[in-house]
Amino acid sequence: MKILLCAVNAKYIHTNIAVRLIGGYCRERISSDISIAEYTINNYTDDIVQDLYAKHPDVIAFSCYIWNIRMVYEICTVLKKILPEILIVLGGPEVTYNPHQILTNLPECDFIITGEGEESSRQLYSCLENGSALSEIRGITYRDNSGKIISNPQNAPIDMGVLPFPYDNFEEIQHRICYYEASRGCPFRCQYCLSSVEKGVRFAPIEKVKKELSIFLEHRVKQVKFVDRTFNANNSFAMEIVNFLIDNDNKITNFHFEVAAETLSDELLSLLKSARKGLFQLEIGVQSTNSSTLKTICRNGIIEKVGYVTEELKKAGNIHVHLDLIAGLPHEDIKSFVNSFNDVHSLLPHQLQLGFLKVLHGSGMEKMCDEYKISYSPFPPYEVLKTHCLSYDDILFLKQIEEMVETYYNSNRFVHSLNYLSKHCSDYFGMYAVLSSRRSQMFTENLTHNKNDTYRFLIDAADSFENINKNKFMRMVKFDYLLHEKPKGTPDWVSNMLNPLNKDDIYDITIRKNAFQEKFSSLSGVSGKELLNATHVEKMYFNPVTFEDNECIIYFNYTERDTFGNAEYWIENVRREK
């Protein structure tokens with residue numbers, strides 16, 4: 001029997017860990033021919049169908065999530081018409097909690113696997129091989145011979161020690177993100193999350209985890225994202241992993257963890273601060289700072305602890321910190337959300353994600369919708385439309401704020417410009433509100449993502465801020481621009497402000513005085529035209545970092561950049577003769 005496990009990922013850079021775990025687990029236990037096919041939601045449905053048809057599997061199983069379920073339905077509908085004998089299996093979080101509804105509405109689907117997929121898949125495929133009774137298989141929903149929909153009890157949680165390593169071909173995923181799990185379950189009961197349905201947390205044997213992480217390190221994988229819902233659910237277990245990764249650092253691989261700040265131990269925090277810059281990045285879900293909201297959604301977040309952890313990691317300067325907010329939660333009206341936004345933004349994380357509540361099938365939030373008058377789209381990803389204290393107009397306004405945050409804050413291309421603007425607003429939210437309002441006045445269409453236009457818009461929007469020194473702000477924007485772009489073929493607004501240093505001055509600083517070699521070790525031995533092409537020197541009448549009105553010379557080294565693409569730089573005050 002030929003079985004094809006199919007993943008439709010959100011982006012090409014992603015990999016699907018579910019089909020790899022199920023495939024590896026089943027190959028060790030049944031004789032069927034099992035293979036994997038991966039696509040993305042950006043592929044044409046017809047192209048995917050044609051490729052699947054060419055493989056002619058007997059059974060095809062799809063890994064289903066909110067981002068791909070509609071596309072999966074389309075693929076199944078067409079596929080069954082051209083391969084009517086094929087058996088179609090759906091599994092994953094998007095089908096686990098409403099299998100009867102899916103089988104009713106999608107007659108092309110034959111089986112739904114509910115809950116964890118490894119052992120249920122093994123039982124189902126073994127049954128299809130030898131013809132045993134479907135009633136004996138746990139964790140599946142199907143139609144019996146009369147057409148009645150039957151749901152069998154779910155399997156017990158699997159022992160993580162028996163799970164295979166999910167990756168066996170690193171050449172085909174060389175430039176993609178690898179996902180990994182060292183635990184399943186979550187100690188928290190956040191009502192918007194499906195992990196709240198599970199009970200307890202299970203951990204893989206630590207020696208197994210170390211052995212498998214060594215494989216990523218050996219193959220010099222660029223990034224490994226742990227899918228553990230709370231990486232530090234057990235701080236001692238987390239410390240063993242972090243210690244191992246620090247001791248075996250290959251200087252290339254980055255590891256991403258989602259952590260709970262309120263339970264992060266001082267020992268683990270200290271260990272993280274000792275790591276190589278770029279080895280780790282952390283995501284912390286704050287979601288809200290409204291105490292009533294947090295109580296209702298069963299979170300115990302403490303903004304003071306989040307602030308402490310964020311500040312400590314920022315001072316260490318070695319770890320990217322990502323904080324999350326969710327709009328549309330109970331009790332959170334616009335005023336409350338503005339407070340939550342300002343509380344989190346004031347911590348100045350490296351990235352701030354403003355997301356919107358998604359009412360997932362099977363979540364506790366789904367049961368709260370009547371009480372809190374939560375209306376949400378009936379189509380994936382089931383995003384909130386309005387609540388008892390947030391109108392649809394409010395949602396649309398926050399969508400505009402989200403766009404400004406993504407374009408200007410999360411791009412990390414406007415750090416100094418935003419820092420300057422924020423001093424001319426009552427709060428951070430107000431700054432993005434002004435930008436959003438100006439955008440609405442200037443454009444009928446969405447703000448283009450052309451990088452030059454985003455800089456230009458920021459300069460044009462400066463008039464909307466009170467008491468701003470636009471001349472200084474324009475040069476602040478130019479400084480941010482030069483941190484990312486070497487001034488060659490620059491747009492007019494940059495060229496018109498380009499430095500007052502003449503060519504002789506630049507040549508004197510760059511070539512004769514060896515100024516760059518003295519300031520940047522990476523330029524040692526670099527000279528002549530190569531040095532000129534790798535650097536830039538700029539003169540400003542104020543310091544763009546401290547805002548002090550001291551004339552200075554700024555040296556940009558484009559051969560060295562941080563994780564956000566900012567060039568290495570050095571600011572030197574100009575000595576004035578008495």
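The values are calculated or read from the model by the stated rules, or taken from the named source; none is laboratory data. Just so it is clear, the model here is predicted, and its values are computed rather than measured. Every residue, glycine among them, receives a Cβ derived from its backbone with ideal geometry; neighbour counts consider all protein chains shown. Side chains included, ligands, DNA and RNA excluded: accessible areas come from the protein's heavy atoms. Shrake-Rupley method; radii C 1.70, N 1.55, O 1.52, S 1.80 Å.
For Lys148, the lysines whose Cα comes closer than 21 Å to its Cα, not counting residues fewer than 8 places off in the same chain, are Lys80. Please determine, in degrees from 0 to 90 and to the nearest 10, the orientation of helix 428-442 with respect to the longest principal axis defined by the Cα atoms of the chain, where the helix direction is its Cα long axis. Its long axis makes an angle of about 90 degrees.
If you put +1 on each Lys and Arg Cβ and -1 on each Asp and Glu Cβ, how big is the dipole of the range 154-286 around its Cα centre, in Debye rounded to 20? Don't jump to the answer; show the numbers that get you there.
Working: 16 positive and 18 negative charges, 41 e Å.
Here the range 154-286 has a charge dipole of around 200 debye.
Using only the C-alpha atoms, the convex hull of the range 221-371 corresponds to 114 Å³ per residue. Between the helical axis of 206-218 and the longest alpha-carbon principal axis of the chain there is an angle of about 60 degrees. Take every pair of alpha-carbon atoms less than 8 Å apart whose residues are at least six positions apart; their mean separation over the length of the range 511-551 yields a relative contact order of 23 percent. Spatial offset of the range 230-281 relative to the range 307-362 amounts to 21 Å, using the alpha carbon center of each. Residue ranges 147-156, 388-397 sort as 388-397, 147-156 when ordered by packing (mean number of other C-beta atoms within 10 Å per residue, highest first). Note on Tyr53/Arg27: beta-carbon distance plugged into 1/(1 + (r/R0)^6) with R0 of 30 Å gives a FRET efficiency of 0.80.
What percent does the relative contact order of the range 19-170 come to when contacts are Cα pairs within less than 8 Å and at least six residues apart?
Details: 204 pairs, mean separation 34.4, N = 152.
Normalised by residue count, the contact order of the range 19-170 is 23 percent.
Each stretch of four or more DSSP H residues adds -39500 (n - 2.57); spread over every residue of the chain, this sum gives -11000 deg cm²/dmol at 222 nm. Using alpha-carbon pairs under 8 Å, 6+ residues apart, how would you state the relative contact order of the chain in percent? Normalised by residue count, the contact order of the chain is 7 percent. Taking Rg and Dmax of the Cα atoms in Å as calculated from this structure, the corresponding entry among (1) 28.3, 92; (2) 46.0, 178; (3) 27.2, 99 is (3).
The residue list Gln191, Gly117, Pro166 was ranked by how far each Cα lies along the charge dipole of the range 78-220 toward its positive end, using unit charges on Cβ atoms, and Gln191 comes out on top. Across the range 1-87 the C-alpha pair distances fall into 5 Å bins from zero in the proportions 3, 14, 27, 25, 19, 10, 2 percent.
Roughly to the nearest percent, how much of the accessible area of the chain is carbon and sulfur, given a 1.4 Å probe?
Numbers: 12550 of 26510 Å².
Carbon and sulfur atoms account for 47 percent of the accessible area of the chain.
Remark: for residue pairs Lys210/Lys314; Lys277/Lys519; Lys488/Lys529; Lys367/Lys399; Lys423/Lys470, the C-alpha separation exceeds 18 Å in Lys210/Lys314; Lys277/Lys519; Lys367/Lys399. As a rough guide to protection, the peptides 97-110, 230-243 ranked by mean Cβ packing within 10 Å, highest first, stand as 230-243, 97-110.
Subtracting the Cα-Cα distance of Asp549 and Lys81 from 0.36 nm times their residue separation leaves 161.2 nm of extension gain. Model label sites at Ser146 and Arg189, defined 7 Å from Cα along the beta-carbon direction, differ in position by 3.9 nm.
Taking all protein chains into account, the per residue accessible area for the range 1-97 stands at 44 Å² (1.4 Å probe).
Taking the highest mean first, how do the peptides 532-545, 561-574 order by number of other beta carbon atoms within 10 angstrom per residue?
Numbers: 532-545: 18.7, 561-574: 14.9.
Per-residue Cβ counts within 10 Å, averaged per peptide and sorted highest first, yield 532-545, 561-574.
The magnitude of the dipole of the range 204-279, with charges of +1 and -1 set on the Cβ of Lys/Arg and Asp/Glu and taken from the Cα centre, is near 420 debye. Under 12 Å Cα to Cα from Lys305, which aspartates and glutamates show up? Leave out anything in the same chain fewer than 8 places away. Counting by Cα, and skipping residues close in sequence, Lys305 has these aspartates and glutamates nearby: Glu262, Asp266. Rolling a 1.4 Å probe over the heavy atoms of the protein chains gives the range 241-335 an accessible area of 37 Å² per residue.
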